[in-house]
Ligand code: UDP
Ligand code: MG
């Protein structure tokens with residue numbers, strides 16, 4: 001097997017016909033064996049049934065069926081674990097990543113690259129989404145030292161070795177493009193086209209989107225903790241100076257002066273209390289992450305792996 005296409009799907013029944021109709025001809029034109037590994041991430045609609053239908057006609061389609069929804073990155077990692085190709089290309093199911101770009105990624109594999117990172121040319125998302133990822137991309141780039149321009153585009157290529165390394169990390173709530181970059185010997189970054197979501201709604205409401213951006217930052221850097229330390233020193237110094245000013249004012253004028261300033265003191269106190277809460281919340285984020293990791297729960301659970309082509313192929317769980 002040369003190439004595995006890995007696709008996470010969560011309630012994408014309306015995109016499946018157009019997706020396969022465009023993807024299969026592109027793959028069929030490739031001069032080597034390929035497969036399409038579809039990971040059904042606990043869809044509540046007809047997604048798995050439709051994939052099974054297509055697999056009957058096209059035995060290259062493999063279905064990895066999760067018992068429930070585990071999230072996009074768990075689904076892609078499970079796709080990696082069940083992919084048999086030397087090269088792996090990931091793709092979103094909503095046709096935001098044009099399948100027609102696949103030959104361009106294949107050309108980069110042939111040129112010897114083991115990780116193909118991508119930048120979305122003319123990104124077709126809402127202004128809000130673009131701004132949010134611009135900010136996170138910049139923060140992550142500066143804090144983690146991973147010099148990628150676009151962490152979010154999921155049309156990417158991974159060699160088997162890089163993908164295996166990602167699977168072995170067994171990280172909960174990870175961000176695959178950033179993680180994979182740590183393991184690549186010869187990465188490259190290319191531009192790819194980007195389209196609007198074909199059908200249905202984004203699976204990332206505001207809360208999940210915020211979680212994802214926070215995951216990306218806290219998973220790849222502990223710099224926010226260090227920043228907190230510096231901010232703490234700054235706040236303490238500020239408090240000290242203010243205390244001094246109030247004391248001197250009281251000595252020069254009378255107690256009345258300081259008494260009338262009680263509300264000011266309360267105001268500043270609230271700033272510090274706020275800062276402490278912020279600090280605790282951030283520490284809690286890391287502690288929570290440690291908890292998630294040491295618990296060593298399986299990051300996903302597969303119900304079945306269905307291969308029409310070869311039923312003896314190994315099944316890999318989370
Ligand atoms: N997805 C998934 N599990 C989830 C959320 C999303 O497998 O919990 C899949 C989804 O079906 C799609 C891809 O991940 O194929 C990207 O999701 P979406 O297009 O909603 O994200 P956006 O493009 O809005 O960032
Ligand atoms: Mg999308």
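Consider residue 168 against the criteria (1) away from ligand 2 (no atom under 16 Å from the Cβ); (2) in contact (Cβ under 8 Å) with a residue 12 or more places away in the chain; (3) farther than 30 Å from residue 279 by Cα; (4) out of contact with any strand residue (DSSP E or B) (no Cβ under 8 Å at 6 or more places or on another chain): it satisfies all of them except one. Which criterion is unmet?
(2)
Considering only residues that are touching a helix residue (DSSP H, G or I) at 6+ places or on another chain (Cβ under 9 Å) and farther than 14 Å from residue 75 by Cβ, which ones fall in region 40-52?
46, 50 - these are the residues of region 40-52 that are touching a helix residue (DSSP H, G or I) at 6+ places or on another chain (Cβ under 9 Å) and farther than 14 Å from residue 75 by Cβ.
I'm trying to understand the selection: among the residues of region 181-234, which are over 17 Å from the mean Cα position of the chain (by Cα), in a loop (DSSP other than H, G, I, E, B) and either free of Cβ contacts under 8 Å to residues at least 40 places away in the same chain or away from ligand 2 (no atom under 16 Å from the Cβ) (or both)?
So in region 181-234, the residues over 17 Å from the mean Cα position of the chain (by Cα) come out as 184-201, 222-234.
Adding the requirement that they be in a loop (DSSP other than H, G, I, E, B) leaves 184-186, 193-201, 222.
184, 185, 186, 201, 222 - these are the residues of region 181-234 that are over 17 Å from the mean Cα position of the chain (by Cα), in a loop (DSSP other than H, G, I, E, B) and either free of Cβ contacts under 8 Å to residues at least 40 places away in the same chain or away from ligand 2 (no atom under 16 Å from the Cβ) (or both).
Output the number of residues of region 8-39 satisfying the condition of being closer than 12 Å to residue 102 by Cβ and either in contact with a helix residue (DSSP H, G or I) (Cβ under 9 Å, 6 or more places away or on another chain) or not in a helix (DSSP H, G or I) (or both).
Residues in region 8-39 being closer than 12 Å to residue 102 by Cβ and either in contact with a helix residue (DSSP H, G or I) (Cβ under 9 Å, 6 or more places away or on another chain) or not in a helix (DSSP H, G or I) (or both): 10 in total.
Quick one: count up the residues across region 146-160 that are more than 15 Å from residue 77 (Cβ to Cβ) and either in contact (Cβ under 8 Å) with a residue 24 or more places away in the chain or in a helix (DSSP H, G or I) (or both).
10
Which of the residues that make up region 47-69 are assigned to a loop (DSSP other than H, G, I, E, B) and over 15 Å from residue 19 (Cα atoms)? Working first, answer last.
Keep residues of region 47-69 that are assigned to a loop (DSSP other than H, G, I, E, B), which gives 58-60, 67-69.
Selection gives 59, 67, 68, 69.
Restricting region 76-103 to residues that are part of a helix (DSSP H, G or I) and touching a strand residue (DSSP E or B) at 6+ places or on another chain (Cβ under 7 Å), which is farthest from ligand 2 (Cβ to nearest atom)?
82
Of all residues in region 94-141, how many are more than 17 Å from the chain's Cα centre (by Cα), near ligand 1 (Cβ under 10 Å from one of its atoms) and closer than 17 Å to residue 23 by Cβ?
Total satisfying the criteria: 1.
Taking the residues in region 186-206 that are more than 10 Å from ligand 1 (Cβ to nearest atom) and in contact with a strand residue (DSSP E or B) (Cβ under 9 Å, 6 or more places away or on another chain) as candidates, determine which candidate is farthest from residue 111 (Cα to Cα).
Per the criteria, the residue is 193.
Given the criteria within 13 Å of ligand 1 (Cβ to nearest atom), at pLDDT 95 or above and over 24 Å from residue 303 (Cα atoms), does residue 91 qualify?
When the stated conditions are applied, residue 91 does not pass them.
Looking only at region 161-173, count every residue that is out of contact with any helix residue (DSSP H, G or I) (no Cβ under 8 Å at 6 or more places or on another chain) and either in a loop (DSSP other than H, G, I, E, B) or more than 22 Å from residue 301 (Cα to Cα) (or both) and tell me the total.
Here the count works out to 2.
Return yes when residue 246 is touching a helix residue (DSSP H, G or I) at 6+ places or on another chain (Cβ under 7 Å), assigned to a helix (DSSP H, G or I) and within 16 Å of ligand 2 (Cβ to nearest atom) and no when it is not.
Considered against the rule, which asks whether it is touching a helix residue (DSSP H, G or I) at 6+ places or on another chain (Cβ under 7 Å), assigned to a helix (DSSP H, G or I) and within 16 Å of ligand 2 (Cβ to nearest atom), residue 246 comes out as no.
Looking at (1) buried (at least 21 other Cβ atoms within 10 Å of the Cβ); (2) farther than 26 Å from residue 70 by Cα, find the lone condition where residue 122 falls short.
Condition (1) is where residue 122 drops out.
The values are calculated or read from the model by the stated rules, or taken from the named source; none is laboratory data. These figures come from a predicted structure and were not determined experimentally. Note that each Cβ is placed from the backbone with ideal geometry, even for glycine, and that neighbours are counted across all protein chains shown.
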